[in-house]
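The values are calculated or read from the model by the stated rules, or taken from the named source; none is laboratory data. Every value quoted in this text rests on a predicted model; they were computed, and no experiment measured them. For neighbour counting, all protein chains shown are included, and Cβ atoms are generated from backbone atoms with ideal geometry for every residue, glycine included.
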Amino acid sequence: MLHLLRIEWMKVKSYRTFWILLAMTIVSIPGWSYLIISLMNNKFPKSNGKSFLGSPFAFPDAWQTISYNSAPFLFIIPAILVITLTTNEFTFKTHRQNVIDGWSREQFVSVKLFEVLLLSIVCTVIVFLTTLIFGTMLNKVPDGVSIWSGCRFVFFYFIQAISYFTIAFLMALLIKRAGLAMAAFLGYLIGEQIIVGITINLLHSDAANYLPEEVTDSLIPQPYGKKMLTTPDQISQWEHHIPIYLVVALVYLILYLVISRRRFKTSDL
Amino acid sequence: MNILSITSITKFYGRIRALNNVSFEVPPASVFGILGPNGSGKTTMLGIVMDVLKASGGSYSWFGEPASEKQRQRIGTLLETPNFYHYLSGEKNLRIAAAIKGRGAGDIPRVLEMVKLTERKDSKFSTYSLGMKQRLAIASCLLGDPSVLVLDEPTNGLDPVGIAETRELIRELARGGKTIILASHLLDEVEKVCTHVAILRRGELLMAGDVNVVLTNEDYIEVGAGAENSAALQQLLAGLPGARQVRAQEDHVQIFFENGPMDPGEVNRICFEKGITLNHLQLRKRSLESKFMELTDERAAKK
């Protein structure tokens with residue numbers, strides 16, 4: 001795998017689009033949360049110097065808040081990166097050339113999936129560092145609170161990121177054209193939210209929570225104004241569902257892997 | 001041991017049959033031409049043996065072994081179009097190809113020099129002309145000096161000088177003992193460089209073998225003695241001194257000779273002595289072009 005990755009590195013290291021999209025991905029995570037912090041500090045009403053939204057950027061809630069802020073809206077940029085790097089191969093027909101030159105189809109699809117994993121790890125590390133820095137520098141760590149409590153949200157973020165990026169990869173692999181694949185990714189992102197809204201509000205069913213993207217979104221509940229908006233019952237309900245969400249997300253992930261490998265290994269390139 | 005053995009390969013694109021039960025063998029150190037008009041299945045055939053297309057039926061083996069990616073690393077292949085990363089320079093593209101083939105970058109200057117791209121090696125691929133792209137693809141094939149080359153329309157997009165240089169390069173490689181599989185719709189390209197040839201038409205293999213047998217360019221004699229004598233006539237003609245091939249047509253028999261046709265009068269005399277009276281005797285000249293047209297003619301296919 002290391003040898004394959006070294007070749008992938010040769011493909012991207014002088015590719016400007018790769019560096020721009022990667023930089024945007026990395027900057028967007030702290031940037032977006034910082035924007036929300038400044039909005040909260042300057043534009044939102046306060047009583048006794050405290051925001052009615054609570055202190056979402058102080059530990060322990062900072063883990064949840066920054067993970068929540070960084071997904072899924074911010075996934076659009078890295079998803080474009082995944083789609084670009086994959087559809088480039090189809091556009092240039094280099095996926096054929098790589099196989100002709102001596103990669104197996106298995107190797108080609110494996111190294112691409114490994115890149116999706118690496119990108120998910122990079123984003124997760126940025127979320128982790130952003131939380132540590134914002135949690136300790138912009139806020140005083142409250143007495144008696146360990147900065148690590150609540151850090152499981154970063155793991156949930158990772159599951160969410162790898163799921164979304166693998167969906168982007170799958171769409172690139174199936175559709176092969178950059179513009180259409182991006183439209184499909186965005187269309188599905190929005191489309192699923194509409195379905196979720198309809199089933200919850202009109203049909204009063206939570207079945208839509210188990211849709212491919214929503215199930216990972218459900219791992220990280222909305223953190224703002226938690227004390228006001230969320231009942232203890234809802235929290236325990238969510239807590240109860242975490243293992244189910246994780247298992248369903250894993251099943252989807254395995255499905256994406258199986259489909260993408262089978263597709264690339266059996267079709268005409 | 002044959003370099004490539006193809007056994008009963010069939011390929012469907014939806015309901016279109018692109019290849020039908022094609023079998024042939026590529027012997028070592030041959031320059032093997034795959035000849036056929038556009039759309040006859042040449043690129044499909046090569047795509048299958050390079051594993052970028054999946055055959056609907058049949059099998060193939062390289063070097064007498066079942067196909068694997070390790071074998072492809074030992075083969076220099078140019079399939080259909082030059083496929084490179086547009087945003088990378090020619091040299092960086094070759095580095096990727098060399099790395100995939102499991103070779104170092106040390107051979108890159110040599111192959112760039114061979115195709116005269118050294119000066120432009122640092123220019124982006126997207127700035128190359130069609131001919132330069134094709135030459136870079138040829139350079140990529142030559143990386144690591146492979147013993148087998150697969151070239152699909154290698155002179156595509158090249159100017160006359162480039163075409164001549166490429167042919168000379170192919171001859172030079174062949175003289176060095178390499179096996180070259182060359183697909184082309186250009187008859188004279190195949191005629192000038194190939195030792196063996198397979199002819200495809202609409203996915204059917206018409207014939208395969210030694211180029212001198214398949215693409216006879218010499219004069220031949222055509223005789224006829226009526227349908228009732230046809231079998232006896234063929235037997236007799238096959239025994240003529242120097243006769244290489246006897247081919248029965250609808251009401252004539254054609255005789256091809258090893259070293260030029262024998263005197264028609266002599267043929268007549270021998271036949272007469274054996275009690276066969278000819279009603280048709282003609283010395284014929286046939287160009288390769290007409291042979292190829294005949295082989296690949298659509299109307300002929302329907303006969």
Quick one: is B:Ile48 in contact (Cβ under 8 Å) with a residue 12 or more places away in the chain and either more than 24 Å from the chain's Cα centre (by Cα) or on the phi > 0 side of the Ramachandran plot (or both)? no
Would you check which residues across segment A:254-269 are within 14 Å of chain B (Cβ to nearest Cβ) and among the hydroxyl-bearing types (Ser, Thr, Tyr) and list them? A:Thr266, A:Ser267
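Listed residues B:Ser59, B:Ser23, B:Ser5, B:Ser30; which is in contact with a Cys (Cβ under 9 Å, 6 or more places away or on another chain), surrounded by fewer than 24 Cβ atoms within 10 Å (Cβ to Cβ), closer than 21 Å to B:Gly209 by Cα and more than 11 Å from chain A (Cβ to nearest Cβ)? So that I can check it myself, show each step before the final result.
Numbers: B:Ser59 fails: in contact with a Cys (Cβ under 9 Å, 6 or more places away or on another chain); B:Ser23 fails: in contact with a Cys (Cβ under 9 Å, 6 or more places away or on another chain); B:Ser5 fails: in contact with a Cys (Cβ under 9 Å, 6 or more places away or on another chain).
Exactly one residue qualifies, and that residue is B:Ser30.
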Whether any residue in segment A:46-60 is surrounded by fewer than 20 Cβ atoms within 10 Å (Cβ to Cβ), among the aromatic types (Phe, Trp, Tyr) and modelled with pLDDT of 90 or more is what I want to check. no
Got at least one residue in segment A:113-122 being crowded, with 22+ Cβ neighbours inside 10 Å, under 12 Å from the mean Cα position of the chain (by Cα) and among the hydrophobic types (A, V, I, L, M, F, W, C)? yes
Filter segment B:176-188 for residues that are at pLDDT below 85 and assigned to a loop (DSSP other than H, G, I, E, B) and give the result. B:His185, B:Leu186
Going through segment B:133-156 in order, the residues found to be without any contact (Cβ under 8 Å) to a residue 40 or more places away in the chain and part of a helix (DSSP H, G or I) are B:Arg135
From A:Ser149, A:Ser110, residue being away from chain B (no Cβ under 14 Å) and either of a type outside the set (A, V, I, L, M, F, W, C) or crowded, with 23+ Cβ neighbours inside 10 Å (or both): A:Ser149
Pairs only if they're at least six apart or on different chains, beta carbon under 8 angstrom, first in segment A:1-23 and over 18 Å from A:Ala79 (Cα atoms) and more than 9 Å from chain B (Cβ to nearest Cβ), second surrounded by fewer than 14 Cβ atoms within 10 Å (Cβ to Cβ) and of a type outside the set (D, E, K, R); list them, first residue then second. none
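Does B:Ala164 fit the bill of being among the hydrophobic types (A, V, I, L, M, F, W, C), in a helix (DSSP H, G or I) and within 10 Å of another protein chain (Cβ to nearest Cβ)? Write out each step before concluding.
Values: among the hydrophobic types (A, V, I, L, M, F, W, C): yes; in a helix (DSSP H, G or I): yes; within 10 Å of another protein chain (Cβ to nearest Cβ): no.
So B:Ala164 fails the test.
Among the listed residues A:Leu85, A:Leu81, which satisfies the condition of being within 13 Å of another protein chain (Cβ to nearest Cβ) and at pLDDT 95 or above? Working first, answer last.
Numbers: A:Leu81 fails: within 13 Å of another protein chain (Cβ to nearest Cβ).
Matching residue, one of A:Leu85, A:Leu81: A:Leu85.
Could you please find all residues in segment B:94-141 being β-branched (Val, Ile, Thr) and either away from chain A (no Cβ under 11 Å) or under 26 Å from the mean Cα position of the chain (by Cα) (or both)? Please lay out each step first, then the result.
If we filter segment B:94-141 for residues that are β-branched (Val, Ile, Thr), which is where we start, we get B:96, B:100, B:108, B:111, B:115, B:118, B:127, B:138.
Selection gives B:Ile108, B:Val111, B:Val115, B:Thr118, B:Thr127, B:Ile138.
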Tally time: how many residues in segment B:18-29 are touching an Asp or Glu at 6+ places or on another chain (Cβ under 9 Å) and not hydrophobic (A, V, I, L, M, F, W, C)? 2
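With respect to B:Lys116, determine if the residue is on the phi > 0 side of the Ramachandran plot and among the charged types (D, E, K, R).
Working: on the phi > 0 side of the Ramachandran plot: yes; among the charged types (D, E, K, R): yes.
So B:Lys116 fits the description; yes.
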Looking at (1) within 14 Å of chain B (Cβ to nearest Cβ); (2) part of a helix (DSSP H, G or I), find the lone condition where A:Leu174 falls short. (1)
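What tally of residues in segment A:211-269 results from selecting those that are β-branched (Val, Ile, Thr) and either closer than 22 Å to A:Gln64 by Cβ or at pLDDT below 90 (or both)?
10
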Can you pull out every residue in segment B:247-303 that is polar (S, T, N, Q), at pLDDT below 85 and in a loop (DSSP other than H, G, I, E, B)? B:Gln249, B:Asn259, B:Ser287
Please find, within segment A:213-235, the residue that is surrounded by the most Cβ atoms within 10 Å (Cβ to Cβ) out of those that are under 20 Å from A:Tyr256 (Cβ atoms) and among the polar types (S, T, N, Q). A:Thr216
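Hey, among A:Leu180, A:Leu269, A:Leu246, A:Leu250, which residue is in a helix (DSSP H, G or I), of a type outside the set (Asp, Glu) and closer than 30 Å to A:Gln97 by Cβ?
Values: A:Leu269 fails: in a helix (DSSP H, G or I); A:Leu246 fails: closer than 30 Å to A:Gln97 by Cβ; A:Leu250 fails: closer than 30 Å to A:Gln97 by Cβ.
None of the other options fit; the residue is A:Leu180.
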Consider A:Leu202 against the criteria (1) within 21 Å of the chain's Cα centre (by Cα); (2) free of Cβ contacts under 8 Å to residues at least 24 places away in the same chain: it satisfies all of them except one. Which criterion is unmet? (1)
The correct count of residues that are touching a helix residue (DSSP H, G or I) at 6+ places or on another chain (Cβ under 6 Å) and in a loop (DSSP other than H, G, I, E, B) in segment A:199-220 is 7
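Suppose we filter segment B:63-92 for residues that are aliphatic (A, V, I, L, M) and facing chain A (nearest Cβ under 8 Å); how many remain? First the steps, then the outcome.
The initial filter retains those residues of segment B:63-92 that are aliphatic (A, V, I, L, M), namely B:67, B:75, B:78-79, B:88.
Then drop every residue that is not facing chain A (nearest Cβ under 8 Å), which leaves B:79, B:88.
The total comes to 2.
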